[in-house]
Structure formats: C-alpha cells, structure tokens
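Bear in mind that the values in this text are calculations on the coordinates, not laboratory data. Here the structure is a predicted model, which means the values were calculated and not measured. No Cβ is skipped: glycine too gets one built from the backbone with ideal geometry, and neighbour counts run over all protein chains shown.
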Amino acid sequence: MIKSLIIRVARMYYEQNMTQQEISNMLGTSRMAISRMLQKAKDEGVVDIKVNYDGAFIEMEDDLKEKYKLKEILVTPFDQGERLKQLLAEATASILMRIIKDNDIVGVGWGSTLSYIPQYMERGKVDATFVTLIGGYGQKKIEMHGSYIASSMANSLKSKCHLLNAPAMVDSLELCETLLTDKNISSVLDIGRKANIAVIGIGSPFSPESTIFDSGYFKTKDIDELRKEGAECDIVSRVYLDGQGNECGFALTNRTIGITAAELKRIPLVIGVAGGEAKHRAIKLALQAGYVNGLVTDEKTAKFLLDLA
C-alpha cells in the first residue's frame, strides 16, 4: 500500500471525522479496503491512539475487583467533606442508571452520602421497585432517612416504592418483636428480603463525621455500648463489626427494625458507598467480611485497600 494513501485515509477518518463508508465513496474503493488501511495506519505507527485516563482510575478498579471479588467498582477523585460525598453519590447514580432494569428490587440504606444520589439520577421510566432496608432515624435531617432517599430515587425513574414506616431502633426487644409482627412492617421487610440490588452506606461509628451523631436517634448508652465492644464498622446501622471483623453491638441490632445481617448478605449485589480517610478501616472490614460486593469510593481509599498508601 502507498503510505501517502494510508495517511490520507487516516486523516479523513481521525481528523475530519468521516465514516469508513464516506471515505470509500470518496476514494472509489471498498469499505473493507478502508478498514485494512486504518489498521495498517495503526500497525505502522502512522496513527498513535492514546486513551486519556485523567480523572479515571481504571487500573485501581481492576485491582480492587480482583482482590475483593467485586461485581461493581467505581473510584472517584479524592476531595474533602460534602464535595467528596457528592462525587461518590454521582458515581453511584451512574452505576444505578446503567444496571437497574424492569422487575429489579433495589434496597436502600440511609445516610448523608446516599442522600445526594437522587439529584444525580437521570429522569426516566423503569418498572423497578425501591424499598427501604431499615426504619427511619430521628426527626433531624430528614433527607438522610432511607424513606426520603428511596422515594426520591423511585420518583426519578417513575418506579414503585415501599417504605418501612417504623423507627430504626426501639427501646426494648419486646417492642421490637411486636412491631416485626405488624402486617405493614412485615410486608415491606418481605420485599426487602427479595432485593437483588442494595445501596448502603458504610460508617466508622466514632469518627468525628459519623452520621450516627447527626441523626439524633442513638442514645448515649447505645453509643457507649458500641464503644465498649470495640465497634469499628457500621454497615447500614444493621451490622457492626469490631477490629477483627466479628459482629458486635447485638444489644442494638436486636432492637433494630430492618432486614437482618444474614438477609443483607444474601442480596446478590450490595453496593457500599463510602470514602474518606476516617472510613478506611471500616470499608476494609466490610469488604473482608463479605457484606458488600460492590464499592464506590475515592482514590485515596482505593490505595489504602490495595495496600498502596
């Protein structure tokens, strides 16, 4: 092949944005011949194609997926405070918009990071169902409640929504057992148990930014109990893990209205959404314990999880 012709075809295709069919029509040759010339241009270095990875963390995502056997992974740039939460929420919304399809049941947790997700979801129509996995937390910051987040997500996609209209935690085991027999509560929990996708937060209970302090729901004795047992990881406030990855905080979880730890583990895809240095240990514990098999986090946390930090 004449090199000048290969260069001409490459220029028309890559710089002038012409299709292979348009080039073949203009040069009076077959489309297959044009395809061969474009391949020749790459083979001989006439065209040097580079992917701009700026702002993407493909290699880290691949490494995390392999190390922790993840089904979904997205790493965002690192930032501080609310901006990091927004970045994580936007990334989570992009995953949900890609994977949610008709007849899916999406379980939703609670928290400040998850509260940003609905604003990044594109408007559409999907015959899916959103359901809260745990009752509501307190009267402050309603936007952090699972019911608010789930209903906002459902509205974006014109999907169905079932809300767990119950407190997240009650004062006694007896009251908890009574509420769990309520038909309205039990029917929503039954739907949550059938979820095939879940989106949840991962917390570090005693970090300064911990949402449990903002919620106004936990009593001082509850927090003292978690501290005494060495809790380092809060998974949707339904599972607590100590530094060795063992479950703890049963005095709280036994009084919690929501799906159980075992039921959460049975959901096929559980996406944990969390980032920031204060949550490094908590996220690693959640991954190692197998409670999440999808992750949206930031680049610094990714490096920590890969032992690169």
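Arrange the peptides 107-120, 160-173, 60-73 so that the one whose residues have, on average, the most other Cβ atoms within 10 Å appears first. Could you put the intermediate results ahead of the total?
Details: 107-120: 23.9, 160-173: 17.8, 60-73: 16.1.
Sorting 107-120, 160-173, 60-73 by mean packing, highest first, produces 107-120, 160-173, 60-73.
What is the projected area of the convex hull of the Cα atoms of the stretch 235-309, averaged over all directions, in nm²?
Numbers: hull surface 20.1 nm².
So the Cα hull casts an average projection of 5.0 nm².
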Alpha-carbon spread of the stretch 1-160, three principal axes, descending order, Å: 75, 33, 28
Who wins for biggest fluctuation among Glu82, Glu232, Glu44 in a Gaussian network model of the chain, springs between alpha carbons below 10 Å? Glu44
Could you bin all the Cα-Cα distances of the stretch 3-43 into 10 Å bins starting at 0 and give me the percent of pairs in each, rounded to whole numbers? 34, 63, 3
What is the gain in length, in nm to one decimal, between Ile142 and Asp224 on full extension, counting 0.36 nm per residue of separation less the C-alpha to C-alpha distance? 27.1 nm
Gaussian network model of the chain, springs between alpha carbon atoms under 10 Å - residue of Thr220, Thr297, Thr29 with greatest fluctuation: Thr29
With springs only between Cα atoms under 10 Å apart, run a GNM on the chain and tell me which of Leu133, Leu27, Leu189 wobbles the most. Leu27
For the chain, what does the helix formula give at 222 nm: sum of -39500 (n - 2.57) over DSSP H segments with n ≥ 4, over the residue count, nearest 500 deg cm²/dmol? -12000 deg cm²/dmol
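Can you give me the relative contact order of the chain as a percent, contacts being Cα pairs under 8 Å and 6 or more apart? Write down the numbers at each step before the final one.
Values: 568 pairs, mean separation 59.1, N = 309.
Rounded, it is 19 percent for the chain.
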Please identify the helices of the chain, taking whole runs of DSSP H, that span at least 27 Å along their own axis as judged from the Cα atoms and have a mean Kyte-Doolittle score of -0.5 or higher. 81-99
Leading residue at positive end of dipole, the chain (Cβ point charges), from Leu252, Ser151, Leu175: Ser151
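Using only C-alpha positions, report the orientation-averaged shadow area of the convex hull of the stretch 13-103, nm², one decimal. Display every interim value, and only then the final one.
Details: hull surface 43.4 nm².
So the Cα hull casts an average projection of 10.8 nm².
What's the extension gain from Lys194 to Thr29 if we count 0.36 nm per residue and subtract their Cα-Cα distance? Each step should come with its number before you reach the end.
Numbers: separation 165, 0.36 × 165 = 59.40 nm, distance 5.73 nm.
Answer, rounded to one decimal: 53.7 nm.
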Approximate spin-label separation Lys303-Glu15, in nm, with each point projected 7 Å along Cα-to-Cβ: 3.9
